[in-house]
Amino acid sequence: MGKIRLLADEIASQVAAGEVVERPASVVKELVENSVDAGARRISVEFARGGARLVRVVDDGCGMDREDALMSLERHATSKIRTAQDLAAVATMGFRGEALPSIASVSRFTMRTRQAGADSGTEVRVAGGRLEGVEESGCAPGTEIEVESIFFNLPARKKFLRGEETESARIVHQMQSLALAHPGVSMTLARDGRRLWQAPSTDDPGVRIRDLLGADFFARLLAVDEVEANGIRIGGFISKPGEGRPDRELQFVVLNGRVVHCPAVFQPLREAYAEGLPKGRNPLAVLRIEMDPLAFDCNVHPAKREVRLHRPDLVRQAVYAAARGALEKLRKPAVPVRRVEVERESPPAPTPQPAAMALAPAAQREIPVVVAPQPAQENGIDFRMVGGLGGKWILMEGDDGLVIVDVRAASERILFERLRRESASGSAPSQRLLLPEVVELAAKDAVWISENLEPLRAAGFVVEPFGGTSFKIEALPACLAGRGAAGALLDVCETLRATGLLGAGQPALDALVRSVSRIAALNGFDYEEGAARRLVRELLACELPYACPQGRPTMIQWSRPELDRKFGR
Ligand code: ADP
Ligand code: MG
């Protein structure tokens, strides 16, 4: 006898739901996309307990009549495509008719919907895929969907949900993506009864970015003028050189209104920066790409997160050209370097400040290469200071030839080791702010910060929870004194988040200290021999003097034979 049976409808739905509904954030995505497809001008989203207890999406879109409301819960019931040809050129967010039945099969689901002009609306209740009731309802025009107790009937799936904070953070990130993709739709997001943000409708994508991610984030971006090549139109915003982060979480690619994961965009975008970004960093981006819907297939991923481009090469070229164009507009004329002889001054009296901080920031445009006289012995290594170069490097004559010290890398190494020593013994100097600053963080960052209050304190940050995702900063590590407290904490969050190190303990503390030293390190300097000498001395006294904490070299050497060879001797 045959062993193969058709699954009961209910089980088949639950199996299929696994593809579409991974977690509460995917419910948010599907419902909001439906609202966008329904022509909504306003969408409000609310969730409770990381979305596990409740996700509610309310829109003012076209609504449905009673028949469609019931039909929408049937598998493969959609109003958006009819034929196979339609599938090749999808212009809506949804098209498979899977989301509502999938969601309703794994939750307690309530839909209230009413068409504009209709006398009344319809309420449909479904629990675990079973229709529980259909009633007339006096609801407002549009559609309201409540998804409660997700996976209540699938304990095994429920176990795979992460903690409340993680699931909340995913919803927040998902909503950010959706709101960035649809600036014309007014959106609000509330968590556990408290509004997290509100983004009014705008026709300026820049305003939407500022509303969602804040003015500080926006200030780190550069506009990409819209360009069109081979039927591909690209515009948006990318980060300024030097900005960036270790992951791609803040790279939003919006392809024909859909936020997608698109390697064909990431790689050329990164390449456009060339040396303008340190290794391992990724630019921030909100890029909008428009092209013929026939030029890609969005029916390749269960959650429609990925697309298959028919000509990825053309997209790569277009992204590279657009990003390059934006970056080249920034480029300043090269800094002239001239060689001058200066009279040797006696070295200034040593200041109580650590050497890494004693060099003044670069202010001059013309940077003299100072030719200094006398050999000196530091830590058993003979070197003679030759001068400064480009506001970035110290040139020295060593035993074996020319040594070039990178001031930034050196100062990062020195600060890192000092701060690590101090924080391990709980004595990192910390500077109280005159007025405590309150900063509101993204949900995800707030989790990291609350779990790392102890390491933060050890590193000199005195931070206290201030309700919700807000924190009060009372003191900063002394080496960050004079900087914006909120900005410094946000920068620290970025590094912490990237390393994924949670909780207290040495790894979290190391990650923190590394990020603080990166922020505090010197970017440039005006060469002054005494200060340069102190910097080199401190560097050579480090445990690992030859690389900065991110692994970049602090000094390189050109030996005499190498120089001879270069000059053809
Ligand atoms: P799809 O979006 O792929 O068509 P769904 O299961 O998400 O499939 O939705 C099924 C149908 O229900 C949609 O095609 C649409 O006609 C209707 N629908 C869903 N959500 C809404 C909404 N918020 N407003 C109006 N109609 C909706
Ligand atoms: Mg849909």
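Compared with the dominant Cα axis of the chain, that is its longest principal axis, helix 312-330 is turned about 50°. May I ask for the Kirkwood hydrodynamic radius of the stretch 9-197, worked out over all distinct Cα pairs and given in angstroms to one decimal? Computed over Cα pairs of the stretch 9-197, the Kirkwood hydrodynamic radius comes out at 16.6 Å. In percent, rounded to a whole number, the relative contact order of the chain is 11, using alpha-carbon pairs under 8 Å and six or more apart. Reported to the nearest whole Å, the Cα centre-to-centre distance from the stretch 393-433 to the stretch 175-201 is 43. Couplings 3J(HN,Hα) of the stretch 443-453, computed from phi: 3, 4, 4, 4, 5, 4, 5, 5, 7, 10, 4 Hz, in residue order, whole Hz [Karplus 6.51 cos²θ - 1.76 cosθ + 1.60, θ = phi - 60°; x for Gly and Pro]. Here's the list of aspartates and glutamates a cross-link from K158 could span, going by alpha-carbon distance under 14 Å and ignoring same-chain residues fewer than 8 apart: E22, E148, E167. Could you work out how far helix 529-540 tilts from the main Cα principal axis of the chain, as a 0 to 90 degree angle to the nearest 10? Taking the Cα atoms of the chain, the angle to 529-540 is about 60 degrees. Seen against the Cα atoms of the chain and their longest principal axis, helix 407-424 is set at about 70 degrees.
Counting only Cβ charges, +1 for Lys and Arg and -1 for Asp and Glu, the dipole size of the chain around its Cα centre is about 900 debye. Just add up the charged neighbours of E306: K/R +1, D/E -1, any other residue whose Cβ is under 11 Å from the Cβ of E306. Here the count lands on +3. In units of the rule-of-thumb radius 2.2 N^0.38 Å, the stretch 220-331 shows an alpha carbon radius of gyration of 1.01.
Annotation: amide H of V185 within the under-5 Å range of T202, sequence separation 5 or more or interchain, hydrogens built in the peptide plane. Checking the Cα-Cα distances for K279/K566; K29/K304; K29/K80; K29/K444; K240/K329 against a 20 Å cut-off, the pairs over it are K279/K566. Taking the charge dipole of the chain about its Cα centre, with +1 at Lys and Arg Cβ atoms and -1 at Asp and Glu Cβ atoms, the residue from Q14, G468, Q251 reaching farthest to the positive side is Q251. log₁₀ I(q)/I(0) of the chain at q = 0.07, 0.08 Å⁻¹, via Debye over equal Cα point scatterers, no solvent, to two decimals? Those come out to -0.54, -0.67, one per q.
Each value in this text was obtained by applying a stated rule to the coordinates, not by laboratory testing. Here the structure is a predicted model, which is why all the values come from computation and not from measurement. Using ideal geometry, Cβ is built from the backbone for each residue, glycine included, and neighbour counts are taken over all protein chains shown.
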